[in-house]
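Here is the structure we will look at, set down as structure tokens.
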Amino acid sequence: MGVDTATIDLVEVPFPEMLSATKSGEIDAGFFNEPFTSAAEGAGLRTIVNPYTQTAADLPIAPYFTTQQYIDDNPEVVAAFQRAMGRATRYASENPGELRRILTTYTEIPPESVEKIGLPHLTSELQPERYDQLADIALELGYVDKPVDVDQLLVPPGE
């Protein structure tokens, strides 16, 4: 991309303060997520890179983890959690208007902002190939020192 990352100073800025810090020149660029991305675009800022969509298509960004011990000791709880998450994800995917309405019930995002935010790609299907991509990227970037066997990390529904 032509950027020498060694010349970049990273500064931690809370998401709600990032827009004003960017607009004031306190920082040159910010890493925004919704609803702050839509607010930044509405304020005239432009996206120069989107690490989620430019890293991999439909990148999984919110998996749930537990230990093998918990899975072994609580198979009914794990199965019930998987079913509930599957149903909720399918419902959210099929009802984006309702998803937006529900967002206003447990966040402080104003309804007019919720209508403008981009919604993530939602799927209730386990897609191991997406996690293989993440494992490959983690190895390439040195976050792990040996290949990750993704099949050892995923628990398909019903198991």
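List of remarks:
- Cut-off under 5 Å, modelled amide H: who pairs with Gly30 long-range: none
- Gaussian network model of the chain, Cα within-10 Å springs - most flexible of Tyr70, Tyr91, Tyr131: Tyr70
- Phi-based couplings in Hz for region 38-49 (Karplus 6.51, -1.76, 1.60; Gly and Pro marked x): 5, 5, 5, 4, x, 8, x, 6, 10, 7, 9, 7
- Across region 59-68, rounded Karplus estimates of 3J(HN,Hα) from the backbone phi angles (6.51 cos²θ - 1.76 cosθ + 1.60, θ = phi - 60°) give 4, x, 10, 9, x, 10, 10, 8, 8, 4 Hz, Gly and Pro being marked x.
- Residue-count net charge about Gln133 - beta-carbon cut-off 13 Å; Lys, Arg +1, Asp, Glu -1: -4
- For region 10-27, backbone phi angles converted through the Karplus equation (6.51, -1.76, 1.60; θ = phi - 60°) give residue-by-residue couplings of 8, 10, 7, 10, x, 3, x, 9, 5, 4, 5, 5, 6, 5, 7, x, 4, 10 Hz, Gly and Pro being listed as x.
- Averaging the Cα positions of each part gives two centres, and for region 49-94 and region 106-159 these lie 8 Å apart.
- Applying D = kT/(6 pi eta Rh) to region 67-158, where Rh is the Kirkwood radius over alpha-carbon pairs, T corresponds to 25 °C and eta to 0.890 mPa s, the Stokes-Einstein value obtained is 153 µm²/s.
- Gaussian network model of the chain, Cα within-10 Å springs - most flexible of Arg90, Arg46, Arg130: Arg46
- Once you divide the Cα radius of gyration of the chain by 2.2 N^0.38 Å, the number left is 1.25.
Here, each number is a calculation from the coordinates, and none is a lab measurement. Source: prediction; values computed, not measured. Because the Cβ atoms are built from the backbone with ideal geometry, glycine has one as well, and the counts that use them run over all protein chains shown.
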